[in-house]
Amino acid sequence: MLKLLKNLLKSPSFIIGMGLFLLTIGGALLLPFFYHVNLGLQASSYASPNGKFLLGCDHLGRDMVSMLIEGLRSSLYVGLLTGVIATTLGTALGIYGGFKGGWMDDVVNLVTNLFLVIPSFVVLILISSSLSKGRSLTLIGLIIGLTTWTWSARAVRAQAASLKSRDHIALARINGAGTFRILAFHILPYLASYVFMIFILQVASGILSEAAISMIGLGPLDTVSLGTILNDAKNQGGFGDGMWWAFMPATVIITVLVFALYIINTSMEGVFNPRLRK
Amino acid sequence: MLKQYPTARYILHRGGWYFLTFLVAVTINFFLPRLGASNPVDIIMGKAGSGLDTEAAREKEESYLKEFGLVQVDATGTILRGPDGKPLKSSNVSQFFNYVKMCFQGDFGTSFQKYPKKVTTIIAEAVPWTLALQLPTILFGWLVGNILGALAAYRRGVFDRVFFPLALLLSAVPFFAFGMLLVYVCAIRNSWLPAMGGYAGDMVPGFNLDFFKSAGAHYILPFFSIFLILAGGQAIGMRSMGIYELGTDYIKYAKWLGIKENKILLYLFRNAMLPQLTGLALSLGGMIGGALITEMIFSYPGLGMAILSAIQGQDYPMIQGCTLLVTISVLIANFTVDILIGFLDPRVKAGQMGGN
């Protein structure tokens with residue numbers, strides 16, 4: 001484990017990706033202490049960037065920098081929430097199903113196979129459009145997490161099944177270890193890096209899904225997110241009239257976030273799969 | 001049964017599975033919208049129940065209630081009403097069966113927004129645009145991405161070092177972000193290409209040269225915004241597949257035999273292509289979701305726009321019709337890829353047949 005970590009830290013793309021990601025998290029946590037976040041109406045509609053409003057204002061005259069800080073916080077929150085839900089659920093069901101088999105495995109398999117072909121975007125639209133009241137950021141995070149866990153379950157299941165016949169599992173069993181003990185202490189540690197990679201991808205897909213669903217006007221009603229900023233820019237004319245500050249910074253932040261997560265993932269793949277190294 | 005015809009058996013087996021998935025999709029499509037606190041049925045019922053509406057509006061509401069089987073009707077088709085004058089709601093189960101029946105007849109009901117237009121009519125107008133945009137884009141993006149990925153894996157060196165981070169960056173850019181950027185740079189800042197719509201606003205669609213020219217010009221930006229990102233993602237997958245295949249014995253053997261590079265590349269491509277094809281099937285759902293949002297950015301007159309305007313107008317029959325159609329297309333595409341893989345890779349068919 002330590003050696004892997006050392007290898008990871010030797011990979012420049014991992015450092016860049018992790019650095020970028022930690023930077024955005026740090027920004028989301030610390031910026032409110034240095035910058036006075038004010039989501040009130042302060043200026044005219046689409047005021048252009050100036051000394052007071054560094055990135056201008058949106059259609060209501062709200063300070064864009066404040067909106068972006070708030071939006072970044074929301075997006076990270078949704079991403080981490082969906083990542084935790086989807087990875088935990090997927091790992092638990094996948095690892096149990098892959099190791100144990102039985103009816104639960106069959107059910108999980110059936111569900112994952114179904115939802116691999118039914119687009120989760122469609123499911124998201126259907127649920128969100130029926131919740132026209134009280135659609136909060138947390139609720140959206142929950143919905144995304146509960147619609148995307150199948151993918152991680154499938155990935156983990158395959159890995160767990162391949163570990164099943166290892167010698168040390170048999171040894172643990174002879175020593176009288178129960179199923180849950182084996183799963184937690186003898187299988188999960190082997191999959192830890194893999195599960196972490198899944199988590200990273202799920203966080204990225206959570207951020208993207210929230211942005212996408214917000215862009216079509218089904219976003220959270222209780223807060224500002226990067227997706228709702230983009231939705232406003234598109235619907236209120238900022239995009240069509242070429243007010244770059246209305247949509248460009250939000251787009252860049254989402255892209256940087258997702259890009260950082262993706263390179264963390266590919267660099268880890270490179271370290272864990274020596275064949276890709278050269 | 002069908003022991004002698006493994007191909008037919010394979011197709012039937014997969015077909016049966018997809019039919020089951022289709023049924024699940026219909027069920028989800030019916031029940032999910034009814035989960036919410038403000039579910040569509042209550043909205044229609046609420047409108048119909050209030051007696052303030054004019055006679056015409058009332059008639060319209062009643063036709064919805066009957067069409068979707070939301071209320072109990074007697075033999076003559078009059079709506080049964082409770083003591084307070086409100087229509088009696090029919091049970092969820094009977095609503096569901098009514099819905100399934102309608103789906104199988106290819107009837108998605110009447111649109112709220114564009115009354116009395118049928119949902120199917122509106123969808124039929126949108127689908128050709130979506131098909132024309134997405135089918136070539138996805139196929140072409142897949143092909144180009146894979147060829148570039150295989151090349152990067154095989155050549156490595158400078159080409160790979162430039163190409164790989166670029167592809168990685170492209171694959172990380174969300175569809176909508178890239179679309180917005182393209183519109184901003186190519187259409188708003190510099191008016192090289194038109195930004196919105198599928199053809200110039202003052203034109204009537206028809207088979208003439210001017211219309212095709214205009215449609216062509218409007219096609220370029222949405223095409224590239226989907227194509228580049230897709231190709232980037234596929235190239236990355238193909239690159240790691242290709243590197244894996246390069247380490248296998250048959251490639252080493254081919255190299256020792258002194259077979260020409262191009263030929264080895266062809267072998268490599270053919271073998272690494274199968275997992276990529278499976279990958280295509282698995283990611284189709286996500287791709288189509290992303291491509292629909294791209295359509296919204298460009299106000300392209302396809303399904304994406306239809307969904308967007310339906311959501312904005314709370315046009316539930318339209319939303320449900322579109323989502324079901326999208327799901328069905330993804331199912332059909334997946335089924336096609338499945339069958340294709342069965343033909344291309346004998347192991348898959350054999351795996352299905354043997355064992356068990």
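The values are calculated or read from the model by the stated rules, or taken from the named source; none is laboratory data. What you see is a predicted model; the values in this text were computed from it and never measured. Virtual Cβ from ideal backbone geometry, glycine too; neighbours counted across all protein chains shown.
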B:P205 versus (1) away from chain A (no Cβ under 14 Å); (2) of a type outside the set (D, E); (3) surrounded by 18 or more Cβ atoms within 10 Å (Cβ to Cβ); (4) more than 30 Å from A:G206 (Cα to Cα): which is the lone unmet condition?
(3)
Tell me, please, whether a residue that is assigned to a helix (DSSP H, G or I), at pLDDT below 85 and surrounded by fewer than 19 Cβ atoms within 10 Å (Cβ to Cβ) can be found in the range A:75-90.
no
Meets criteria (under 13 Å from A:V122 (Cα atoms), touching a Ser or Thr at 6+ places or on another chain (Cβ under 7 Å) and of a type outside the set (F, W, Y)) for B:I293:
no
Per the filter on the range A:121-146, residues crowded, with 20+ Cβ neighbours inside 10 Å, in contact (Cβ under 8 Å) with a residue 60 or more places away in the chain and either touching a Leu at 6+ places or on another chain (Cβ under 7 Å) or more than 7 Å from every other protein chain (Cβ to nearest Cβ) (or both) are A:L124, A:I125, A:S128, A:S129, A:R135, A:L137, A:I140, A:G141, A:I144, A:G145
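Going through B:A132, B:A187 one at a time, which residue ends up being within 21 Å of the chain's Cα centre (by Cα), within 23 Å of B:A306 (Cβ to Cβ) and either of a type outside the set (D, E, K, R) or within 13 Å of chain A (Cβ to nearest Cβ) (or both)? Before the answer, list the steps.
Details: B:A187 fails: within 21 Å of the chain's Cα centre (by Cα).
After ruling out the rest, the residue left standing is B:A132.
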For the range A:220-252, which positions are surrounded by fewer than 23 Cβ atoms within 10 Å (Cβ to Cβ), among the β-branched types (V, I, T) and more than 9 Å from chain B (Cβ to nearest Cβ)?
A:T223
Given the condition hydroxyl-bearing (S, T, Y), touching a Leu at 6+ places or on another chain (Cβ under 7 Å) and within 14 Å of chain A (Cβ to nearest Cβ), answer yes or no: does some residue in the range B:157-173 qualify?
no
Cross-chain or 6+ apart pairs with Cβ under 7 Å, the range A:175-189 first and touching a residue at least 24 places away in the same chain (Cβ under 8 Å), then assigned to a helix (DSSP H, G or I) and among the β-branched types (V, I, T):
A:I182/A:I169; A:L183/A:I95; A:I187/A:I95; A:L188/A:I95
Please indicate, with yes or no, whether at least one residue in the range B:32-45 is crowded, with 16+ Cβ neighbours inside 10 Å, touching a Leu at 6+ places or on another chain (Cβ under 9 Å) and modelled with pLDDT of 75 or more.
yes
Single unsatisfied condition, B:L331 versus (1) under 11 Å from the mean Cα position of the chain (by Cα); (2) within 15 Å of B:T130 (Cβ to Cβ)
(2)
Quickly run through the range A:178-204 and pick out the residues that are farther than 28 Å from A:K3 by Cβ and either crowded, with 21+ Cβ neighbours inside 10 Å or among the β-branched types (V, I, T) (or both).
A:T179
Scan (1) outside any helix (DSSP H, G or I); (2) within 20 Å of the chain's Cα centre (by Cα) for the single condition A:S13 breaks and write down its number.
(1)
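Mind checking which residues of the range B:313-326 are over 14 Å from B:T130 (Cβ atoms) and either touching a Leu at 6+ places or on another chain (Cβ under 8 Å) or in a helix (DSSP H, G or I) (or both)?
Of the range B:313-326, the ones over 14 Å from B:T130 (Cβ atoms) are B:313-320, B:324.
Within the range B:313-326, B:Y316, B:P317, B:M318, B:I319, B:Q320, B:L324 qualify.
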